[in-house]
Amino acid sequence: MMPGAPVADAVFASLVPRIEALRSAGHTPGLATVLIGGDGPSARYVAMKMRKAEELGCHSPHVHLTQDTTTAAAIAAVRALNEDPSVDAMLVQYPAPAHVDFDAVLMAVDPDKDVDGMHPTNVGRLALGVPGPVSCTPAGIEAILAHYEVPVAGRDVVIVGRGVTIGRPLSILLSQKRPTANAAVTVVHTGVPNWAEYTRRADVLVAAAGVPGMIQPEHIRPGGVVVGAGVRYEGRTLLPDVDESCEDVAGWITPRVGGVGPTTIAMLFSNLVAAAEQRAGLI
Ligand SMILES: NC(=O)c1ccc[n+]([C@@H]2O[C@H](COP(=O)([O-])OP(=O)(O)OC[C@H]3O[C@@H](n4cnc5c(N)ncnc54)[C@H](OP(=O)(O)O)[C@@H]3O)[C@@H](O)[C@H]2O)c1
């Protein structure tokens, strides 16, 4: 098993001295959170991130916009945070009410304060190999593979899903020329009806489709590595892409609960600390 918690703990441990150095230099890292509307799970996610910020000695101003907030008002709130010197990075929690143009709100975030690495400037930086905040779940998946010493360089990595949150950025990340990447990456999606032919030969299979139970034992290479990132929520029940029975066939596999979730949060704080160091002139 490849649980995410030990990986996240290692990331947080590496951030502690960096946060101390920032605070000693008079710069407390600030993570702003923006919640639009009253979506229950989103409110819980935001509260959890604020608690973690406090635990790490960061400050976390929160902006809660009401359900009837307009796109213009949400953009104005984001611009105010862009100008706020105590804010190093911000998170605009998804989803927003349907009448809000969420992409337009994200576009308004200063790319250097984009803790999720989702702004087009940062996706462009990723594609160009220029330093910048990297999308948190893909960065966490690379960290998991590195932590468990799963060889990736030169290996066959197959990603199911080309979504902008996981599949697409992960495909760029793992194809970069770095020791913990450098893979032969294949991305499959609904346009590839014989996708299982690709997944069956994968040294490392990453499921990022959001189709519960889509990956069954016959879709993986016996002894291969499986990372389950795609999930669908039904109420509070989490339904992963990777069926439980795959645990008997895979060599290494992330647990259905506590896999990529903890590392996603750790990478978010990693992006925050890097943004703070940049703004404080420490890097
Ligand atoms: N665990 C975490 O921390 C975390 C964080 C973020 C997201 N997620 C989850 O990760 C998943 C992916 O999110 P995303 O935003 O990157 O992607 P997305 O926009 O939800 O897109 C899903 C992708 O999967 C492909 N797909 C769907 N059904 C398929 C099928 N039957 N066969 C082959 N391909 C199929 C789609 O293909 P087409 O492009 O052809 O439609 C699409 O590329 C979601 O379930 C999301 O909830 C998890």
dims of segment 232-274, Cα set, principal axes, largest to smallest, nearest Å -> 39, 31, 11
Can you figure out the FRET efficiency of residue 194 with residue 164, using R₀ = 30 Å and their beta-carbon distance, to the nearest 0.05? 0.80
Treating the angle as unsigned and between 0 and 90°, give the value, to the nearest 10°, between the Cα long axis of helix 260-280 and the longest Cα principal axis of the chain. 40 degrees
Give me the extension gain from residue 232 to residue 10: residue separation times 0.36 nm, minus the current Cα-Cα distance, reported in nm with one decimal. 77.2 nm
In the neighbourhood of residue 220 defined by beta carbon distances under 11 Å, the net charge of the other residues (Lys, Arg +1; Asp, Glu -1) is -2
HN-Hα J couplings of segment 130-145 from phi, Karplus 6.51/-1.76/1.60, θ = phi - 60°, integer Hz, Gly and Pro as x? 8, x, x, x, 9, 2, 5, 5, x, 4, x, 5, 4, 5, 4, 4
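Taking the Cα centre of segment 1-137 as the origin, how large is its charge dipole in debye, to the nearest 20, when only Lys and Arg (+1) and Asp and Glu (-1) carry charge on their Cβ atoms? Don't skip to the answer; put the middle values down first.
Numbers: 9 positive and 15 negative charges, 56 e Å.
The calculation lands at about 260 debye.
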Packing-ranked peptide list from 124-130, 87-93, highest mean Cβ count within 10 angstrom first, is 87-93, 124-130
Go through 197-203, 220-226 and give me the packing order, highest mean Cβ count within 10 Å leading. 220-226, 197-203
Under 16 Å from a label point 7 Å along Cα→Cβ of residue 175: give me every residue in segment 117-131 with its amide N that close. 123-130
Consider just the alpha-carbon atoms of the chain and return their Rg together with their Dmax, both in angstrom. 18.9, 56
For the chain, size of Cβ-based charge dipole, Lys and Arg +1, Asp and Glu -1, in debye: 340 debye
Size-normalised alpha-carbon gyration radius of segment 20-116, reference 2.2 N^0.38 Å: 1.07
Compute the distance in nm between two label points, each set 7 Å from the Cα along the Cα-to-Cβ direction, one at residue 48 and one at residue 28. 2.5 nm
On a straight-distance basis, which lysines could pair with residue 177 in a cross-link, Cα separation under 30 angstrom, same-chain partners fewer than 8 positions away excluded? 113
Residue-by-residue Karplus 3J(HN,Hα) for segment 173-181, coefficients 6.51, -1.76, 1.60, Hz, glycine and proline x: 4, 7, 9, 6, 8, 9, x, 8, 10
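With r defined as the distance between the Cβ atoms of residue 278 and residue 66 and R0 fixed at 41 Å, what FRET efficiency is calculated, to the nearest 0.05? It would help to have the intermediate numbers written out before the result.
Details: r = 33 Å, r/R0 = 0.80.
Computed FRET efficiency for residue 278 and residue 66 comes out at 0.80.
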Could you state the angle between the C-alpha long axis of helix 71-83 and the longest principal axis of the C-alpha atoms of the chain, as a value from 0 to 90 degrees rounded to the nearest 10? 80 degrees
Within segment 214-283, report the trypsin sites (Lys or Arg not before Pro) that DSSP leaves as loop and that have at most 14 other Cβ atoms within 10 Å. 236
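Mean shadow of segment 186-283, computed from the convex hull of its alpha carbons, in nm²?
Values: hull surface 33.4 nm².
For the Cα atoms of segment 186-283, the hull's average projected area reads 8.4 nm².
Only the coordinates and a few stated rules stand behind these numbers; no lab work does. Every value quoted in this text rests on a predicted model; they were computed, and no experiment measured them. Note: ideal-geometry Cβ built from the backbone for every residue, glycine included; neighbour counts use all protein chains shown.
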